Amino acid sequence: MAESERTALGPLVGAIDQGTSSTRFLVFNAKTAELLSHHQVEIQQKFPREGWVEQDPKEILNSVYECVERTCEKMKQLNISIANIRAIGVTNQRETTVVWDKTTGEPLYNAIVWLDLRTQSTVERLLKRIPGKNKTFSKFKTGLPLSTYFSAVKLRWLLDNVEEIREAVADGRAMFGTIDSWLIWVCIGGKNGGIHCTDVTNASRTMLFNIHSLEWDPELCKFFDIPMEILPKVRSSSEIYGMMKICPSLKSGALTGVPISGCLGDQSAALVGQMCFQDGQAKNTYGTGCFLLCNTGQKSVFSEHGLLTTIAYKMGRDKPVFYALEGSVAIAGAVVRWLRDNLGIAKTSQEVEKLAAEVGTSYGCYFVPAFSGLYAPYWEPSARGIICGLTQFTNKNHIAFAALEAVCFQTREILDAMNKDCGIPLSQLQVDGGMTNNKILMQLQSDILCIPVVKPSMPETTALGAAMAAGAAEGVGVWSLNPGDLTAVTCERFEPQINPEESEYRYARWKKAVMKSMGWETSEGPSNGKPK
C-alpha cells in the first residue's frame with residue numbers, strides 16, 4: 001500500500017475484545033470492515049479450588065492497556081495514523097462479575113468467571129424459596145433459568161462471603177459490574193469521573209434485568225437481596241458513553257478524547273459482526289465455550305427446549321431492541337486448553353488438531369467435557385466430565401479426536417433445540433471464533449450436523465461487531481449499518497462428507513455418554529465453602 005493510500009484510509013474504529021482466555025485490541029477500516037492491526041494477550045485463569053474460576057480485574061485491565069499500546073505501535077510501523085481512530089467499541093466475556101471500590105478504584109475481590117461453580121449451594125438455597133423449586137421461575141422476565149452461570153448468584157455469593165464487599169456496600173463505596181462496566185468505568189476516568197454503565201446485552205445476562213421493560217427489576221433484586229444502588233446504569237449498545245483517557249506519555253495516549261461508543265456482550269457482538277440482522281439468521285461462536293444465537297427480531301421467543309432468551313442488541317438510544325434465542329455450551333475451546341495444560345498431551349492447541357488428524361476417528365471413545373456441569377439444553381449442574389468407551393487400544397490421538405467431536409456433538413444438541421423452537425431448520429451454520437481455524441473441527445461439525453458450515457475468512461467477528469456498534473453511534477456516524485452498505489464477506493464452506501446414518505449412530509452414542517455424566521456431584525461435598 002502506498003504512503004498516500006495509508007493516510008487516506010478514512011475513518012478507523014478500534015475494538016477492545018476482552019474474552020475469557022485472552023484480550024485483544026483490533027482496528028478496523030470503517031468503510032471496508034478490513035482488519036488493519038491488532039494485538040492479543042493471554043489472560044491467566046485462577047482455579048483456587050475445585051470448581052472455582054477467577055481472574056484478576058487489574059490483570060484484565062492491564063492486558064487491555066498493553067493490547068491498545070502494542071496495536072498503536074504496530075500502526076505507527078505501518079504508517080497508519082492513530083488520529084484516524086474515531087471511536088472505540090467494547091465487547092466482553094459475559095456474566096463474569098466484578099465488585100470494586102469507587103473511592104480507591106480498586107477491585108474488592110477477584111472477578112468470578114461465568115464458568116465458576118462455587119455458587120451451586122447458593123442456587124440450591126435460593127431454589128428452596130421458589131414454589132415447586134422451579135428453576136425457570138423468572139424465565140418470562142429475564143429469559144434465563146436459575147443457574148450458577150449468571151451474575152446475580154455470583155454477586156450474592158460475594159455479598160455473603162467477602163467482608164470487604166459487605167463493608168463497601170454499607171458505606172456506599174461499592175460498584176458492581178460485568179467486565180464491560182469495569183473497563184468502561186476505568187477507561188473513562190475511574191475514580192476521577194468514570195461512568196458506571198453497561199449495555200442491554202450484558203445487563204440481560206445478570207438475571208436482575210427485565211428484558212421487556214429494559215430496566216433492573218426491583219422484585220428480582222429483592223429476591224436475590226441485591227442493593228440496587230450498586231448496579232450500573234443500563235444504556236443502548238451504540239451510543240457515546242464517555243471519552244477515553246490514557247496516560248499521555250504512552251503512544252496510545254493519542255487515543256485520549258476518542259469516544260467509547262459501542263458495547264456488546266461477546267455473543268451479541270458476534271451476531272452483529274456476522275451481519276445477522278434479519279429474523280431467523282444465526283451464528284455459532286467457538287471460543288472458551290460455544291454459543292449459538294438466532295436473531296428473533298423485535299419479539300422475544302421463549303424456548304421449550306432449554307435455550308435462553310436474550311437481548312441481541314439495541315443499536316441506539318431511540319432504536320428498537322432485538323432479541324435472540326441462545327444455546328450455550330460451557331466447554332468448547334476450553335477442552336483443548338485442558339488437554340494442553342492439565343493432561344500435557346500436546347504443547348499447543350494446533351498439536352491437538354494434529355493428534356486428532358493422525359487417527360481420523362475416536363475409535364468408539366466419547367468425551368463429555370462437563371467440567372462446569374452441563375449448560376443448554378440440560379441445565380444440569382450436577383454433571384461432571386467423563387471419557388468413556390475406553391479400551392487398551394485407545395491412545396491420546398483418539399482422546400484428542402473425541403474432544404473435538406464433543407464440541408461438535410454439543411453444537412448439534414443446541415442446534416436441534418433451536419430448530420424445534422424456531423420451526424424452521426437452519427439450512428447452513430455460520431461460524432466464527434478462534435477454534436474455527438481448526439479445519440478438522442469444521443469438517444467434523446458439518447458431518448455431525450449434516451448441513452454445510454460457513455466460515456468468514458476474517459474470523460474476528462466479535463471485535464468487528466463491537467467496532468460496528470461504536471462506529472454507527474450517534475455523534476460518531478462513520479459506520480453505516482444500512483443493509484445496502486454492508487460489505488459482502490468472503491467465506492470458506494465445509495460440506496458434509498459422511499452418510500447421515502453414520503452421523504446419527506455416533507450422535508446417539510454421544511447422548512448415551514451424556515446421560516452417564518449426570519448426577520455426579522452434590523453441593524454438600526467438600527469443595528464448597530468460604531474463601532481462605
Express as a percent, rounded to the nearest 5, the fraction of DSSP beta bridges in the range 149-275 (both residues included) that run antiparallel. 60
LYS141: which lysines have alpha carbons under 23 Å from its alpha carbon, excluding same-chain residues fewer than 8 sequence positions away? LYS128, LYS133, LYS154, LYS222, LYS233, LYS299, LYS314, LYS319, LYS420
Below 23 Å, Cα to Cα, which lysines can LYS439 reach? Residues fewer than 8 away in the same chain don't count. LYS283, LYS347, LYS354, LYS396, LYS455
Rounded to whole Å, sorted largest first: equivalent-ellipsoid semi-axes of the range 227-355, Cα gyration tensor: 31, 27, 14
Per DSSP H run of n ≥ 4, the term is -39500 (n - 2.57); total these for the chain, divide by its residue number, and report the mean residue ellipticity at 222 nm rounded to 500 deg cm²/dmol. -9500 deg cm²/dmol
Anchor LYS58: lysines whose Cα lies under 16 Å away (excluding residues fewer than 8 positions away in-chain): LYS46, LYS102, LYS191
Just to be sure I understand: of the beta bridges DSSP finds with both ends in the chain, what percent are antiparallel, rounded to 5? 70
Projected-area average for the range 63-220 over all orientations - Cα convex hull basis, square nanometres: 11.2
At q = 0.20, 0.30, 0.31 Å⁻¹, work out log10 I(q)/I(0) for the range 10-61 with the Debye formula, treating every Cα as an identical point scatterer and leaving solvent out; two decimals please. -0.72, -1.10, -1.13
Going through the DSSP H helices of the chain, which span 24 Å or more along their own axis at the Cα atoms while scoring at least -0.5 as a mean Kyte-Doolittle hydropathy? 396-422
Compute log10 of I(q)/I(0) for the chain with the Debye formula, placing one identical point scatterer on every Cα and leaving out solvent, at q = 0.12 Å⁻¹, to two decimals. -1.14
Just the number please: accessible area per residue for the chain, 1.4 Å probe, all protein chains included, in Å². 38
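The values are calculated or read from the model by the stated rules, or taken from the named source; none is laboratory data. What you see is a predicted model, and the numbers here were worked out from it, not measured in a lab. The accessibility values were calculated without ligands, DNA or RNA, using every heavy atom of the protein model including side chains. Shrake-Rupley method; radii C 1.70, N 1.55, O 1.52, S 1.80 Å.
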